[in-house]
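Working notes, beginning with the structure itself.
The values are calculated or read from the model by the stated rules, or taken from the named source; none is laboratory data. Since this is a predicted model, take the numbers as computed values, not measurements. All Cβ positions, glycine included, derive from the backbone under ideal geometry; neighbour counts span all protein chains shown. Calculation scope for accessible area: heavy atoms of the full protein, side chains included, ligands and nucleic acids excluded. Shrake-Rupley method; radii C 1.70, N 1.55, O 1.52, S 1.80 Å.
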Amino acid sequence: MIPVTSDLTLEQAKRQTQKTEREIAAFVPPEAVRATEHNEKGYLWSCREKGSYKWTGYFRVTYSAPVDIRTVLDQIAAEFRSRGQYEIRESTHDDGSPRLQIIGAFGEDYLVDENKAATSLEVTSYSPCFVLPEGAWPGSAF
């Protein structure tokens, strides 16, 4: 079972997750970045512990020049392995393109890969699990 971070607020979970998205995106060489897109709003997904949720986010880095995605993903994996608090899973899509999953101890999860056209790095994120604040409805965008 994923532990719930009882002292983490929705706002803190969102900020923490977005910060990690930016850290991951920074591995794309700056000279190859045309634009970034950061979803400011996300939705809540239920964690296994009743009444606990995780915030979902998304970050895209659009390339201005070709990027060696395997090298970028290897660098990201090495960095997060070195932190000692993440499980790293490397896999491939059906078409053979690489993907990376970074899983934290409190349920945070980052899926990192390249879009099919190889024109952007995409990070789909899930915050650590937290207790939903009183009066918040899980189906709302936050």
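So here's what we get for this one:
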item	result
Filter result for F142 (closer than 14 Å to K14 by Cβ, outside any strand (DSSP E or B) and under 17 Å from the mean Cα position of the chain (by Cα))	yes
Count of residues meeting criterion [without any contact (Cβ under 8 Å) to a residue 60 or more places away in the chain, more than 19 Å from L8 (Cα to Cα) and open to solvent by less than 40 Å² (accessible area, probe 1.4 Å)] in the range 80-114	8
Residue tally, condition touching an Asp or Glu at 6+ places or on another chain (Cβ under 8 Å) and either crowded, with 18+ Cβ neighbours inside 10 Å or part of a strand (DSSP E or B) (or both), over the range 62-76	4
